[in-house]
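To start, the structure itself, in structure tokens.
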Amino acid sequence: MDHARSAADPAKPAPVVIKKYANRRLYNTDTSSYITLDHLAVMTREGRDFQVFDAKTGEEITHNVLTQIVMDGENGGQMMLPVPFLRQLIAMYGDSMQSMVPHYLEASMAAFAKNQSQFRDSVAGAFGGAAFKPFETLAKQNMAMFQAAADMLTGRAALIKSEGAAKPDTAAGDSSELDALKAQMATLQAQLEKLSKR
């Protein structure tokens, strides 16, 4: 499997193979040394790809290990995942749109990474609240798109629209917001279609 990946993209190095033993120790086959989850976190930040396998069964457990790194970061006081987001994420398990969530999150993080240098320039070039406006704007857009997608698939959008019709004083503002969300959803759908064709 690793050979197929490196043959498909010769410029990209094959993932480092990590073996996890029953005593929970991690062994880096590339450096022939035992490592910790912190080492894997550093490798991730450096963009070094790796795959983790259960040493006994041979089962790939990369997803579990990456999730553990995130949980350790959250428990260690470096919280990045806000409570409302976690609640929405948990609510999506077993929902009809569950299969869309990974693609949506992947596309959102790719867009965030693409704009990361611009954010860093903004922070480096200014002080105070204005420097963090790009983060705030992107977070609001992502959460609005996520909520709109959830509402569309759960039927809540129709309910909100019918409730909005009963309140004509806010209809104009809601209409422009709804149009903006529809445009964002169309962009998201196009990104998801590109991802699904890969």
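The values are calculated or read from the model by the stated rules, or taken from the named source; none is laboratory data. Because the structure is a prediction, the values reported are computed rather than measured. Every residue, glycine as well, gets a Cβ built from its backbone with ideal geometry; the counts of neighbours run over all protein chains shown. The protein model used for the area step is the full one, side chains on, heavy atoms only, and it has no ligands, DNA or RNA in it. Shrake-Rupley method; radii C 1.70, N 1.55, O 1.52, S 1.80 Å.
Which value, in Å² rounded to 10, gives the accessible area of VAL42 with a 1.4 Å probe and all protein chains present?
Looks like 60 Å² after rounding.
Quick check: pseudo-label points 7 Å beyond the Cα along Cα→Cβ at ASN115 and ALA186, how many nm apart are they?
Simple spin-label model gives 1.9 nm for this pair.
If you count only protein heavy atoms with a 1.4 Å probe, what accessible area per residue comes out for the range 12-131, rounded to a whole Å²? Kindly include the intermediate steps, with their values, before the conclusion.
Values: 8270 Å² over 120 residues.
I get 69 Å² per residue for this part.
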